[in-house]
1. Tell me the residue from A:Gln55, A:Gln15 that is more than 14 Å from chain B (Cβ to nearest Cβ) and touching a helix residue (DSSP H, G or I) at 6+ places or on another chain (Cβ under 8 Å), please.
2. Only one of (1) surrounded by 18 or more Cβ atoms within 10 Å (Cβ to Cβ); (2) under 21 Å from A:Ala142 (Cα atoms); (3) in contact (Cβ under 8 Å) with a residue 24 or more places away in the chain; (4) among the charged types (D, E, K, R) is not met by B:Lys33, so which one is it?
3. So if I check each of A:Leu66, A:Leu105, which one is surrounded by 20 or more Cβ atoms within 10 Å (Cβ to Cβ) and farther than 15 Å from A:Ala29 by Cβ?
4. Kindly evaluate A:Asp172 against the criterion of being crowded, with 19+ Cβ neighbours inside 10 Å and of a type in the set (D, E, K, R).
5. Is it the case that the stretch A:110-122 has a residue that's part of a helix (DSSP H, G or I) and either in contact with an Asp or Glu (Cβ under 7 Å, 6 or more places away or on another chain) or within 14 Å of chain B (Cβ to nearest Cβ) (or both)?
6. Please specify each residue of the stretch A:144-181 satisfying the condition of being hydrophobic (A, V, I, L, M, F, W, C) and either in contact (Cβ under 8 Å) with a residue 60 or more places away in the chain or in contact with a His (Cβ under 8 Å, 6 or more places away or on another chain) (or both).
7. Across the stretch A:18-35, which residue is surrounded by the most Cβ atoms within 10 Å (Cβ to Cβ) among those that are in contact with a helix residue (DSSP H, G or I) (Cβ under 9 Å, 6 or more places away or on another chain) and among the hydrophobic types (A, V, I, L, M, F, W, C)?
8. Considering only the stretch B:19-38, state which residues are assigned to a loop (DSSP other than H, G, I, E, B) and in contact with a strand residue (DSSP E or B) (Cβ under 7 Å, 6 or more places away or on another chain).
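The values are calculated or read from the model by the stated rules, or taken from the named source; none is laboratory data. Quantities reported herein were computed from a predicted structural model and do not represent experimental measurements. Neighbour counts are summed over all protein chains in view; Cβ atoms, including those assigned to glycine, are modelled from backbone coordinates with ideal geometry.
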Amino acid sequence: MFRKFSSDDVSAQNQVKASVQRKIRQSIADEYPGLELVLEDLLPKKSPLIVVKCQNHLNLVVVNNLPLFFNIRDGPYMPTLRLLHQYPNVMKKFQVDRGAIKFVLAGANIMCPGLTSPGGALDEQVLEEKPVAIMAEGKQHALAIGFTKLSAKNIKAINKGIGVDNMHYLNDGLWKMQKLE
Amino acid sequence: MSEKPQPERVLYCAVCSLPAEYCEFGADFEACKPWILQNAPELYPDLVREANKKNVDKVSNKLESVGISSSRNNAKLTAEASSAGASEPKQEVKRLPGGKIKKKLKQEVVIEKIVRNKRKCVTVVKGLDLFGVKLSDASKKLGKKFATGASVVKGPTDKEQIDVQGDIFYDIVEFITNTWPDVPGNAIYFIEDGRKVVAV
């Protein structure tokens with residue numbers, strides 16, 4: 001998704017009105033209960049919250065020039081990896097085996113076998129169409145943010161094909177964009 | 001690595017910007033190695049072992065350059081290390097994802113005048129961004145200085161350039177060298193009759 005992403009892809013950015021801000025904040029708090037306590041630090045009510053609209057129905061939530069969250073169409077808000085690294089426990093985690101890291105970092109979607117093999121791990125409660133953090137065998141930090149195509153149970157049962165869509169991974173366009181103006 | 005309890009701090013590699021533990025999967029692991037040895041040796045025990053085995057490695061190189069070198073043996077080592085270091089910068093080729101090699105652009109500013117409507121012209125400044133100048137700021141400054149319109153435009157092959165309205169050929173060199181001391185005068189070129197001419 002963010003494989004090629006640069007400031008050229010920004011089509012509009014504007015400071016959103018308070019009611020929309022409230023809505024964004026609310027939906028983030030609903031999605032990530034663990035973030036609720038720090039949400040005030042992340043999205044201070046005082047400082048302007050900017051929504052950057054990009055191509056492909058992509059929205060970025062930007063505070064102080066730092067991209068913090070993104071979403072697609074009306075989908076759930078997902079944190080950027082830099083933010084997730086700071087608060088690693090807010091998202092449900094999947095773990096891929098070592099062999100998959102290379103492909104995930106090249107932007108590949110996460111296939112079921114990489115999650116069910118001995119090096120992988122699944123959070124059983126995750127349903128389909130949910131954002132998850134993709135961790136890796138032997139590493140402590142997340143390497144990608146995904147959006148499940150199958151529920152965890154189905155991933156185990158089917159064990160074939162794409163299990164999780166890769167939304168945002170290390171060293172993609174969004175990762176490289178540390179600051180947005 | 002100091003970790004705060006609340007927002008966790010992640011150690012990012014200064015070379016490839018990934019978290020240090022992912023350097024081995026980065027675009028150019030070789031380039032990250034010296035940084036890792038200095039900053040996060042605990043993540044790559046193999047690498048450290050390898051480094052310790054070869055006595056003439058970058059860590060000892062750095063240690064010596066700090067000033068521990070005293071004996072003749074050490075001096076020999078530094079000489080060897082520095083020769084190894086000298087051969088390194090040659091390989092400074094940026095690799096794009098997919099193994100393509102990116103050529104390093106020559107740092108120069110090219111100024112061109114385009115005549116339109118016979119008596120009006122536009123001065124095009126290319127390459128300021130190679131000196132770390134922010135183009136949007138630069139265009140604002142140029143516009144202010146010469147009291148004309150100046151804008152950042154996408155030129156051919158996706159490179160950004162500044163278009164300034166009017167003929168500002170003669171003042172511009174002085175202005176550029178004064179406002180951005182990083183830009184040396186001899187790196188500024190005019191294009192006259194299709195030929196590149198050094199400005200000063």
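1. A:Gln55 is the lone residue from the list that is more than 14 Å from chain B (Cβ to nearest Cβ) and touching a helix residue (DSSP H, G or I) at 6+ places or on another chain (Cβ under 8 Å).
2. B:Lys33 satisfies every listed condition except (2).
3. Every option except A:Leu105 fails the conditions.
4. Yes: the conditions hold for A:Asp172.
5. yes
6. Correct list: A:Ala144, A:Ile145, A:Phe147, A:Val164, A:Met167, A:Leu170, A:Leu174, A:Trp175, A:Met177, A:Leu180.
7. Selected residue: A:Ile28.
8. Selection gives B:Ala27, B:Asp28.
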